[in-house]
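The values are calculated or read from the model by the stated rules, or taken from the named source; none is laboratory data. Predicted, not measured: the structure shown is a model, and the values here were computed from it. Because the Cβ atoms are built from the backbone with ideal geometry, glycine has one as well, and the counts that use them run over all protein chains shown. For accessibility, only protein heavy atoms count, side chains too; no ligands or nucleic acids. Shrake-Rupley method; radii C 1.70, N 1.55, O 1.52, S 1.80 Å.
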Number of protein chains: 2
Amino acid sequence: MQALLNELITLVGSSNVLTEGDLSAWEQDWRKRTHGKALAVVRPGNTDEVAQVVRACARHLQQHPACGISIVPQGGNTGLVVGSTPDASGRQIVLSLQRMNTVRAIDAANLTITAEAGCILQRVQESALAAGFLFPLSLAAEGSCTIGGNLGSNAGGTQVLRFGNARELCLGLEVVTPQGDIWQGLSGLRKDNTGYDLRHLYVGSEGTLGIITAATMKLYPLPAAQTTAWAAVPSMQAAVDLLGLAQRHLGAGLTGFEVMGRFALSLVARHFANLHVPLFADWPFCVLLEHSDHSSASHARAQFEQLLEVALAQGCVSDAVLAENLAQSKTLWQIRESISLAQALEGPNIKHDISVPISSIPAFVQATDALLQQAIPGVRLVNFGHLGDGNLHYNAQAPLGIDAAVFLREQEPQVNRLVFDSVLQFGGSISAEHGIGSLKVDHLAHYKSPVALQAMRAIKAALDPQNLLNPARVLAPIGTSELP
Amino acid sequence: MQALLNELITLVGSSNVLTEGDLSAWEQDWRKRTHGKALAVVRPGNTDEVAQVVRACARHLQQHPACGISIVPQGGNTGLVVGSTPDASGRQIVLSLQRMNTVRAIDAANLTITAEAGCILQRVQESALAAGFLFPLSLAAEGSCTIGGNLGSNAGGTQVLRFGNARELCLGLEVVTPQGDIWQGLSGLRKDNTGYDLRHLYVGSEGTLGIITAATMKLYPLPAAQTTAWAAVPSMQAAVDLLGLAQRHLGAGLTGFEVMGRFALSLVARHFANLHVPLFADWPFCVLLEHSDHSSASHARAQFEQLLEVALAQGCVSDAVLAENLAQSKTLWQIRESISLAQALEGPNIKHDISVPISSIPAFVQATDALLQQAIPGVRLVNFGHLGDGNLHYNAQAPLGIDAAVFLREQEPQVNRLVFDSVLQFGGSISAEHGIGSLKVDHLAHYKSPVALQAMRAIKAALDPQNLLNPARVLAPIGTSELP
């Protein structure tokens, strides 16, 4: 092993091969669920160095098959499914892309930005803005997460309704393969039908098929105006009806549509009194709508008012407020973004990141709420999310008076099983935006179609026959897929 | 072989296993470049039958490896790259999806339509419209092509600028694998991060990895109004500048942006005098812009007028007309759509379907025009296409006085090489929307990155180890990739 470490030091310099001291920043996952032990944290400074590190590891593994080393690619280490930290074996090398943080180019006429994998998302947004453009990927961790990690996990966020996931924003990739070759696929093309779309295979593969080292992403013209509305709705069905109405009235101008349950909002009101949550406590759900307009602020507002008028008349909105200015808009979004934090302050809870077809959301919520209440009387459901994408963060908090830690330990497997079975029944996904990592690897083996799993295994074996990149992530080792 | 045919007759009925009579409709490609010979044309009526046919063929090939049979999936047989017709061996089974032409479901609240692979594209558009929605995929062959073929070849068309290719419209697939398994991936989900995105691997794989039997596609709300403008521009750079201006002014409302060279338009004027082409003969290019608006016709028009005013003031538009009504809009689009036909009436020509980054289009056109004029003095360039996507149909017509057939025969390899070399130099694609098929298979082997080709070969071998589905399409047999 020392020979390999020496070779890596030769390749990237001793200050970029970390083996001693506190390596928690790379070894512990974001939600602090696990703390692994890395053989080393290696931080190459450019694509060639990444390729050389991979080649050195591949060669070492070939010469010493029993050494069992592998590589865990890592960006900002903000993932939620334990997919980018090492296991406890001490045989995994964390390959951190942090040092590769250059915005390589902005092409205004082509509406593209090319950034290295280690660029912080917020940096990419700011670079785009400085050039007069919008880079619409936006999510809670944007101050720490990297564009490479966003692509590896196909990150979602609050603007997916209009602009799609990280996947839809990506036009081209530069990737280091498990053999240490460099695929120069950094195209800024909107159209390219020359063979299999490798880009879409690497995006969302969570570092198991290749290491994304740079990407060319779409930019958009900035809107002339943005307006935010907050509407109380009498039911989840009404929220779905409002979504359809808003899509007809605003078209692509509808850039945000978030739903929040009364209990979720009450937690924000309790833990962040300064935010003055518009609770509309008579109604079970509130919706946050965002309208982006390319004409003018007055047109944006007029369109929004017209929409709300129709929605009130049709009964799919019970009450509503329009943000009067940017500060009010920001506060409304801050309330939405504070739900997770408020929930954490309320105590440990069981989180889900699921999706079902939008038309099935009301029935899914009704059926699953009932199942959970039956299994755990008094369970408190924190239900909120990106309704426009069919994506709910459908979380369970301990009943009042029950110790949250005990609840989590004792009830998580049952709650997961109930929720995921229900998701499957409604044609949904057990992981809408967070991915699989190691946290959901057993669930995937259980819930995913066997035909799809077989194809995925064949692809992994074909592209990474040594199983060098992020093994046991996404795909469970064969024969180990027993649900907890 | 007869035993296999008998088995297929048992599976799908004798009237759906065609071996005699005129099979040109399935054996000859759309542009009549080749006429193959099928072992049989098999027309299964549902997904199970497709799976059984594939299993029977796979088993036969396993038992008789020397028989050399394979399967060529076929939709409407309107492809432009000889990808869905059999070769001359008489050993290929054409598996036609024509009989699978049911629209299975429309989910209004989820904005999705689920259609079988053999549905004619126009039928899908009409079904969507009847339910009050827009299915935006639109291309010249829409009256004959099928949605399965559109997905297999990742079709483009005139609305890609706003809505993306067939790929971007697809949420889920049902696929029969080369092993005859059925992957039920007909999800209507906007977000699903559960493993490798197989959907995107099958889309655009031209029937070489699996047979698409049905798809769930996105629908959109219908716009309140649509307006069309026709603008003369002083240069290709001005056209690119106008595109940027239009994107800033109209945002997602800009749903079409087509560029047409003066010579291309003059051919339409010559061969379709009734269309009254607005030639603006003083200027080298015209642009067709389409604006879709969700507020009102008056807002749409006002926005467009404002845009053209700014564009005229900035000098990126020399002259312009706005369609006064729907009929005028349709005529303008008809002029654009008639270029290919006018070109055919002018005589055989060398066609290209290329893309480069939008910012590079002016330099690409200037450089490539000069190279071609130098190589073939007097060559007439028919240059038009989807500028908003960076996609040009950059075609070469024989110089005046030169026999077109001789020109085609003698100059095609040289012209292709010149154009594709130039495309490569500008970071472009040799096939923006038509695909590879067998027509461009040697070019792909020459121009595509070896790392990408290696990954593609590994994936093909992993998913279709018998090489049963559409062999020698997309990927050339190893060792045969010599350019003509």
Rounded to the nearest 500, what is the 222 nm mean residue ellipticity of chain B from helices alone, with -39500 (n - 2.57) per DSSP H run of 4+ residues and division by all residues? -11500 deg cm²/dmol
Let me confirm one metric for peptide B:235-244, namely the mean number of other chain beta-carbon atoms within 10 Å of its residues' beta-carbons. 1
Past the 46 angstrom mark, what percentage of all C-alpha to C-alpha distances in the protein assembly as shown do you count? 28
Give me the accessible area of B:Met1, 1.4 Å probe, in Å² rounded to the nearest 10. 90
May I ask for the accessible area buried between chains A and B, both sides summed, probe 1.4 Å, to the nearest 100 Å²? 6000
Fraction of alpha-carbon pairs over 29 Å apart in chain A - percent: 52
Compute, for chain B, the length of the dipole vector about the Cα centre, with Cβ point charges of +1 (Lys, Arg) and -1 (Asp, Glu) only. Units Debye, rounded to 20. 540
Efficiency of FRET from Cβ geometry, B:Gln454 and B:Ser89, R₀ 30 Å, rounded to 0.05: 0.65
Can you tell me which lysines have their Cα less than 20 Å from the Cα of A:Lys218? Leave out same-chain residues fewer than eight positions away. A:Lys191, B:Lys191
Ordering B:Thr331, A:Thr194 by the accessible surface of their heavy atoms, 1.4 Å probe, largest first, yields B:Thr331, A:Thr194
Any idea of A:Phe135's accessible area? Nearest 10 Å², probe 1.4 Å. 10
With every protein chain kept in the model, how would you rank B:Phe272, B:Phe364 by accessible area, 1.4 Å probe, largest at the top? B:Phe272, B:Phe364
Return the distance in nm (one decimal) between the two label points of a simple spin-label model at B:Ala281 and A:Leu326, each offset 7 Å from Cα along Cα→Cβ. 5.3
Round to the nearest 0.05 the FRET efficiency obtained for B:Asp22 and B:Glu305 when R0 = 41 Å and r is the Cβ-Cβ distance. 0.15
In Å and from the alpha-carbon atoms only, list the Rg and Dmax of segment B:186-315. 20.0, 56
Would you work out if segment B:311-411 is rounded, prolate or oblate? Take a ≥ b ≥ c from the square roots of the eigenvalues of the alpha-carbon gyration tensor; rounded if a/c is under 1.5, else prolate when a/b is larger than b/c, oblate otherwise. oblate
So if each residue of separation counts as 0.36 nm, and I subtract the Cα-Cα distance between A:Gln63 and A:Leu341, what length gain in nm does that give? 95.2 nm
For A:Glu410, place a label point 7 Å out from Cα along the Cα→Cβ vector, do the same in each other copy, and report the separations in nm, one decimal, smallest first. 9.1
Which of the residue pairs A:Lys32/A:Lys351; B:Lys37/B:Lys460; A:Lys351/A:Lys448; A:Lys460/B:Lys448 have a Cα-Cα distance greater than 18 Å in the structure shown? B:Lys37/B:Lys460; A:Lys351/A:Lys448; A:Lys460/B:Lys448
If I model a spin label as a point 7 Å beyond the Cα along the Cα-Cβ vector, how far apart are those points for A:Ala140 and A:Leu424 in nm? 2.8
Average Cα contact separation per residue, segment B:1-109, under 8 Å, 6 or more apart, as relative contact order %: 32
Counting alpha carbon pairs within less than 8 Å and at least 6 residues apart, what relative contact order, in whole percent, applies to chain B? 14
If I take every Cα pair under 8 Å that is 6 or more residues apart in segment B:280-384, average their sequence separation and divide by the length, what percent do I get for the relative contact order? 16
Mind listing the label-point distances from A:Gly21 to the same position on all other copies, shortest first, one decimal in nm, points 7 Å along Cα→Cβ? 8.0
Sequence order, segment B:114-123: Karplus ³J(HN,Hα) from phi using 6.51 cos²θ - 1.76 cosθ + 1.60, θ = phi - 60°, Hz rounded, Gly and Pro as x, gives 10, 10, 6, 4, x, 4, 5, 3, 4, 5
Alpha carbon convex hull of segment B:149-210, volume per residue in cubic angstrom: 85
√(5λ) per eigenvalue of the Cα gyration tensor, segment B:49-109, largest first, Å: 28, 17, 7
Could you give each residue of segment B:446-458 its phi-based ³J(HN,Hα) in whole Hz, using Karplus coefficients 6.51, -1.76, 1.60 with θ = phi - 60°, and x for Gly or Pro? 7, 9, 7, 4, x, 5, 5, 4, 4, 5, 4, 4, 5
What are the ³J(HN,Hα) couplings of segment B:89-96, residue after residue, when phi is run through the Karplus curve with 6.51, -1.76, 1.60 and θ = phi - 60°? Round to Hz, x for glycine and proline. 6, x, 10, 9, 8, 7, 9, 8
Give me the distance in nm between label points sitting 7 Å out from Cα along the Cα-to-Cβ direction at A:Ser298 and B:Ala273, one decimal. 5.1
Counting sequence-distant residues (5 or more places) and residues on other chains, those with an amide H built under 5 Å from that of B:Thr255 are B:Glu290, B:His291, B:Ser292
For label points placed 7 Å from Cα toward Cβ, what is the shortest-first list of nm distances from A:Ala344 to its copies? 6.3
Can you compute the FRET efficiency between A:Val406 and B:Ala224 using 1/(1 + (r/R0)^6), with r the Cβ-Cβ distance and R0 = 56 Å? Round to the nearest 0.05. 0.50
